[in-house]
Amino acid sequence: MRLHAENLACRRGGRLIFEGLSFTLGQAEAIALTGRNGAGKSSLIAMLCGRLRPDGGTIRLEGGDEDAQLAEISHLVGHRDGLKTALTARENLAFAQDVLGDAAASPEEALAVVGLPHAAELPVGYLSAGQRRRVALARLLVSRRPYWLLDEPMSALDSASQLMLAGLMRDHLAQGGAILAATHGPLGLEGAREVRIGP
């Protein structure tokens, strides 16, 4: 399976953010999406997961299930963690797994991988920003999705957690997955291609 983005353009609030953006992303490949603040990195990710319609250009998948939409085979970790603060970490992950289907790791296993087995029964609202981020990242593990769309995935993570995430991304690539990550810093992935928006 291969993702093709061709001549994409984005307009927000009547202002052209970017245009003429093209790239491909296939199995076992990673893209580091870079650009200044406001260049349109988050908007591009919103386009890829179906939350925002491109102002121009096309997004298409080649190979695999021809009827599949990218949003149906992708995990999104955005700026906002997307967690229910009144639910426990385990309940948040169990809910995500039920909604997404194609179960992989159990919520308890995923929390152990991200270093939070002790937080399984704590309401997410009690956790620190870095811990909440790790719970959000644990969603990547509870259901199988070939494409990971990550918006500033290292945000709020300490150095040990950044190393952990880099390891998760390397494992995903080794299993044939693909990653597009908007970032202002290194991802810890050798061979990741850079796609820059703007000058």
So if we plug the beta-carbon distance of residue 170 and residue 52 into 1/(1 + (r/R0)^6) with R0 = 41 Å, what FRET efficiency do we get, rounded to 0.05? 0.90
Taking the DSSP beta bridges in the chain as the whole, what percent of them are antiparallel, to the nearest 5? 50 percent
Report, to one decimal in Å, the Kirkwood hydrodynamic radius for region 120-199 based on all distinct Cα pairs. 13.7 Å
Would you mind putting 177-188, 71-82, 157-168 in packing order, based on average other-beta-carbon counts within 10 Å, highest first? 177-188, 71-82, 157-168
Using square roots of five times the C-alpha gyration tensor eigenvalues, list the equivalent-ellipsoid semi-axes of the chain in whole Å, biggest first. 28, 18, 16
Report the calculated FRET efficiency for residue 7 and residue 27 (r = Cβ-Cβ distance, R0 = 30 Å), to the nearest 0.05. 0.80
Mind listing which GluC sites (Glu not before Pro) in region 102-140 are in a DSSP loop and have 12 or fewer other Cβ atoms within 10 Å? 121
For the pair residue 71 and residue 144, the simple spin-label estimate (label points 7 Å beyond Cα toward Cβ) gives in nm 2.4 nm
About the Cα centre, and with charges only on the beta carbon of Lys, Arg (+1) and Asp, Glu (-1), how big is the dipole of region 1-152? Nearest 20 debye, please. 700 debye
Charge context of residue 11, other residues only, Cβ under 14 angstrom, K/R +1, D/E -1: +1
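Since every read-out is calculated from the coordinates, none of them should be taken as a lab result. Everything quoted here is computed from the prediction, not taken from an experiment. Positions of Cβ are generated from backbone atoms using ideal geometry, with glycine treated the same way; all protein chains shown enter the neighbour counts.
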